[in-house]
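See structure below.
The values are calculated or read from the model by the stated rules, or taken from the named source; none is laboratory data. Predicted model, so just to flag it, every value in this text is computed and none were measured. Every residue, glycine as well, gets a Cβ built from its backbone with ideal geometry; the counts of neighbours run over all protein chains shown.
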Amino acid sequence: MLLSAIEKSYILLTTFDKNLYEIVFITLKITIFSIIIASCFSIPLAIAIDLMSSKSRRVLIAILNSLLAIPTVVIGLTVYMFISRSGPFGEYNLLFTPMAVVIGQIVLAIPIITTIILAGFTKTDRLLHETLITLGANKFDLMKALFHENKPLILSAILAGFGRVIAEVGISMMLGGNIRGYTRTITTAIAFETGKGEFAMGISLGIILILLAVLINFTVYLTFKNEYILRDA
């Protein structure tokens with residue numbers, strides 16, 4: 001049975017099965033859009049928190065760390081209540097659409113990306129702040145300096161958020177409804193196909209998920225290879 005499923009998954013992958021790659025395309029489209037929006041919030045938020053006073057920074061970091069422990073089904077339930085027909089945004093008919101999944105994934109990704117960036121900022125030389133302030137830099141100048149000094153760290157945080165979001169299933173299932181050709185993502189498809197006993201499709205999607213993670217991380221490493229070497233020197 002296992003060998004047969006592996007053989008069928010190989011055929012699906014090499015013959016570019018339409019249903020298989022349609023799921024991959026929908027997943028990438030939703031996830032990339034979610035991460036771009038989440039990053040636009042997370043990066044300025046992390047930099048702003050890092051520039052706050054020690055007391056305020058500790059409180060906000062504690063809140064963000066607490067948000068990391070919230071199960072994805074709770075995030076899905078919360079967003080569901082807001083966008084369902086009886087919710088405050090029900091008039092926009094967002095439920096069971098790709099946009100509903102995007103909203104849920106944004107809520108999931110923002111604490112992840114922000115906390116990783118903040119954790120990395122602790123290794124940034126605090127003399128950078130003092131030197132820039134001495135030279136007359138304002139808060140906007142400090143924010144730009146922090147961003148440029150920590151580009152590999154920020155990109156790594158975005159990738160971590162991407163990896164977490166593309167692999168989640170609760171939010172996608174609750175808010176997207178797993179509709180074929182519309183909101184069916186890799187993880188929901190794996191759960192659905194495995195439940196039907198179609199292991200070949202699940203194995204194929206699992207292989208693609210692993211390959212995507214390896215490809216993205218390898219590409220980033222090559223892009224910032226010189227900066228990583230300088231930091232390790």
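On the basis of being aromatic (Phe, Trp, Tyr) and surrounded by 13 or more Cβ atoms within 10 Å (Cβ to Cβ), does Phe16 make the cut?
Numbers: aromatic (Phe, Trp, Tyr): yes; surrounded by 13 or more Cβ atoms within 10 Å (Cβ to Cβ): no.
For Phe16, the condition - aromatic (Phe, Trp, Tyr) and surrounded by 13 or more Cβ atoms within 10 Å (Cβ to Cβ) - is not met.
State whether the residues of the stretch 93-101 include one that is surrounded by fewer than 20 Cβ atoms within 10 Å (Cβ to Cβ), under 17 Å from Gly161 (Cβ atoms) and of a type outside the set (Phe, Trp, Tyr).
Within the stretch 93-101 (the criterion being surrounded by fewer than 20 Cβ atoms within 10 Å (Cβ to Cβ), under 17 Å from Gly161 (Cβ atoms) and of a type outside the set (Phe, Trp, Tyr)), the answer is no, since none of the residues qualifies.
Conditions first: (1) surrounded by 20 or more Cβ atoms within 10 Å (Cβ to Cβ); (2) under 15 Å from the mean Cα position of the chain (by Cα); (3) over 30 Å from Asp141 (Cβ atoms). Ala38 passes all but one, so which condition is the exception?
Failed condition: (3).
Of the conditions (1) surrounded by fewer than 18 Cβ atoms within 10 Å (Cβ to Cβ); (2) touching a residue at least 40 places away in the same chain (Cβ under 8 Å), Met81 clears all except one; give me its number.
(2)
Do we find a residue being surrounded by 18 or more Cβ atoms within 10 Å (Cβ to Cβ) and either at pLDDT below 95 or among the β-branched types (Val, Ile, Thr) (or both) anywhere in the stretch 48-55? Spell out the reasoning first.
So the first thing to find is which residues in the stretch 48-55 are surrounded by 18 or more Cβ atoms within 10 Å (Cβ to Cβ), and the list is 49-50.
Filter once more, keeping what is either at pLDDT below 95 or among the β-branched types (Val, Ile, Thr) (or both): 49-50.
The answer is yes, given that some residue of the stretch 48-55 is surrounded by 18 or more Cβ atoms within 10 Å (Cβ to Cβ) and either at pLDDT below 95 or among the β-branched types (Val, Ile, Thr) (or both).
Consider only pairs whose beta carbons are under 7 Å apart and that are at least six residues apart or on different chains; among these, list those whose first residue lies in the stretch 135-146 and is within 14 Å of Ala46 (Cβ to Cβ) and whose second residue is in a helix (DSSP H, G or I) and among the charged types (D, E, K, R).
Filtered contacts from the stretch 135-146: Leu146/Asp50.
Hey, could you check the stretch 159-169 for residues that are of a type outside the set (A, V, I, L, M), part of a helix (DSSP H, G or I) and more than 11 Å from Ile117 (Cβ to Cβ) and say which is nearest to the chain's Cα centre (by Cα)?
Of all residues in the stretch 159-169, those of a type outside the set (A, V, I, L, M) come to 161-164, 168.
When the remaining residues are screened for being part of a helix (DSSP H, G or I), the result is 161-164.
So of that shortlist, the ones also more than 11 Å from Ile117 (Cβ to Cβ) come out as 162-164.
Values: Phe162: 3, Gly163: 6, Arg164: 5 Å.
Among those residues, the one meeting the criterion is Phe162.
Consider Thr72 carefully, then state whether it is under 25 Å from Arg180 (Cβ atoms) and modelled with pLDDT of 85 or more.
Details: under 25 Å from Arg180 (Cβ atoms): yes; modelled with pLDDT of 85 or more: yes.
When the stated conditions are applied, Thr72 passes them.
Taking Phe96, is it closer than 30 Å to Phe199 by Cβ, of a type in the set (Phe, Trp, Tyr) and out of contact with any helix residue (DSSP H, G or I) (no Cβ under 8 Å at 6 or more places or on another chain)?
no
Tally time: how many residues in the stretch 12-54 are free of Cβ contacts under 8 Å to residues at least 24 places away in the same chain, of a type in the set (D, E, K, R) and farther than 29 Å from Ile179 by Cα?
Total meeting the criteria: 0.
Is it the case, given these coordinates, that Ser156 is closer than 30 Å to Leu2 by Cβ, touching a helix residue (DSSP H, G or I) at 6+ places or on another chain (Cβ under 8 Å) and assigned to a helix (DSSP H, G or I)? Lay out the reasoning, then the answer.
On the way: closer than 30 Å to Leu2 by Cβ: no; touching a helix residue (DSSP H, G or I) at 6+ places or on another chain (Cβ under 8 Å): yes; assigned to a helix (DSSP H, G or I): yes.
Spelling it out, it is not the case that Ser156 is closer than 30 Å to Leu2 by Cβ, touching a helix residue (DSSP H, G or I) at 6+ places or on another chain (Cβ under 8 Å) and assigned to a helix (DSSP H, G or I).
Here's a check for you: in the stretch 170-218, which residue that is of a type in the set (Lys, Arg) and not in a helix (DSSP H, G or I) is farthest from Val73 (Cα to Cα)? Give the steps one after another, and end with the answer.
Pass one, the stretch 170-218, residues of a type in the set (Lys, Arg): 180, 184, 196.
Among the residues that remain, those that are also not in a helix (DSSP H, G or I) are: 180, 184.
Values: Arg180: 21, Arg184: 17 Å.
For the stretch 170-218, the residue satisfying everything is Arg180.
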